[in-house]
């Protein structure tokens, strides 16, 4: 089984394509999982605001990738052309390296950001809970998380980093520089909204209000940060009186329309309104013609903001790449070593069968042994098997890791007659 990947991200696909895939997760995830009854053996889906990636294992990478693409094309309102033009494919070591780069933050919009670690953990947990992952992808995602942790503890890749939420706050700070005590609204109370509200509060940028459908969660966040919370039914009124708004909810479709916002603020005269939508899918549906004093930014627009801070972290990339190389090699050796598992399993079963037969024969000849003595004899037989198999097992695994196990594999099968259809354990002529 070979690891394969089909994905698209903020570098290859427009926001409109990415958000449609994420918005249709309820349809796509079961459909993708159904592929495990055919060409695919294991499956993990990584769905974030910046990427939609499907990792799988298969004996036929090309066919598996085609099947995954067909599933993605079935998403609602996804145009065939843009998706086919923007997706990428990886297999084998290239797929392994890509996931480890993702975990290390090298593939993120914000270089070195840390949110991806939680997202990888959640993707793996979901796959385990639904039974779509297996030993190969479980090991791969665990190795990727280890790689991400090493990158952030052994280098300074995340020391100057900013999450998407922080990038939104930096944009507010820049745009509100000439506004005295601006009124800032954060819509949502999940992780991204909390990060944004916390960064705003730490910078003391103005009067901050949080609003969320779950009023209790908004009030809890407001109390924690020393800001104010307002009820959801006042949303349009609050936005109309704000100077800057950050929306960051997990709503499956837009719940605000730019046309309505522009209508609500017409009496504001020339005071501008800054809207930053970091929801995925987007929380605000754009208008064809925005008002002269209303500016709307989405996640992809934040690239220019985070680019200013990227140089502080780029010096760490080479060191992170070194860590990734080590972890890719370690995982690749483990994956290759799995090729020797069948012969090791057969060798162990063969040896255990012989030991069990000889143990039974010996105990029959020693009827006077008590239970403790019989256990001692049984443990001795098992220890002999373990000691005899230890060196060939280690050698075979080592040879497999470097891809030159084929001669050893053949020799073991011949020497122990493992390919025989039947083997009579303990049939030597001098048994009796």
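The values are calculated or read from the model by the stated rules, or taken from the named source; none is laboratory data. Fair warning: this is a prediction, and the values are worked out from it, not measured in the lab. Cβ sites come from the backbone with ideal geometry, for glycine too, and all protein chains shown count toward neighbours.
Please work out which residue is nearest to the chain's Cα centre (by Cα), limiting yourself to the range 171-195 and to residues that are in a loop (DSSP other than H, G, I, E, B) and more than 14 Å from residue 275 (Cβ to Cβ).
Step by step, filter the range 171-195, then rank; the result is 190.
Looking at the range 157-171, is at least one residue in contact with a helix residue (DSSP H, G or I) (Cβ under 9 Å, 6 or more places away or on another chain), closer than 30 Å to residue 255 by Cβ, surrounded by fewer than 17 Cβ atoms within 10 Å (Cβ to Cβ) and in the same structural domain as residue 251 (by TED's automatic domain parsing)? Within the range 157-171 (the criterion being in contact with a helix residue (DSSP H, G or I) (Cβ under 9 Å, 6 or more places away or on another chain), closer than 30 Å to residue 255 by Cβ, surrounded by fewer than 17 Cβ atoms within 10 Å (Cβ to Cβ) and in the same structural domain as residue 251 (by TED's automatic domain parsing)), the answer is no, since none of the residues qualifies.
Pick from 68, 39: which is part of a loop (DSSP other than H, G, I, E, B) and either in contact with a strand residue (DSSP E or B) (Cβ under 6 Å, 6 or more places away or on another chain) or farther than 22 Å from residue 336 by Cα (or both)? Give the derivation first.
On the way: 68 fails: part of a loop (DSSP other than H, G, I, E, B).
Going through 68, 39 in turn, just one is part of a loop (DSSP other than H, G, I, E, B) and either in contact with a strand residue (DSSP E or B) (Cβ under 6 Å, 6 or more places away or on another chain) or farther than 22 Å from residue 336 by Cα (or both): 39.
Here is the figure for the range 50-65: residues that are outside any helix (DSSP H, G or I) and surrounded by fewer than 21 Cβ atoms within 10 Å (Cβ to Cβ) total 2. In this structure, is residue 224 over 30 Å from residue 320 (Cα atoms), in contact with a helix residue (DSSP H, G or I) (Cβ under 9 Å, 6 or more places away or on another chain) and not assigned by TED's automatic domain parsing to the domain that holds residue 101? Yes: the conditions hold for residue 224.
Checked against the criteria, residue 129 counts as out of contact with any helix residue (DSSP H, G or I) (no Cβ under 9 Å at 6 or more places or on another chain) and either at pLDDT 95 or above or outside any loop (DSSP other than H, G, I, E, B) (or both). Out of curiosity, is residue 327 within 26 Å of residue 96 (Cα to Cα), modelled with pLDDT of 85 or more and out of contact with any strand residue (DSSP E or B) (no Cβ under 9 Å at 6 or more places or on another chain)? Answer is yes for this residue.
Only one of 23, 13, 104 is surrounded by 19 or more Cβ atoms within 10 Å (Cβ to Cβ) and more than 18 Å from the chain's Cα centre (by Cα). Can you tell me which? After ruling out the rest, the residue left standing is 13.
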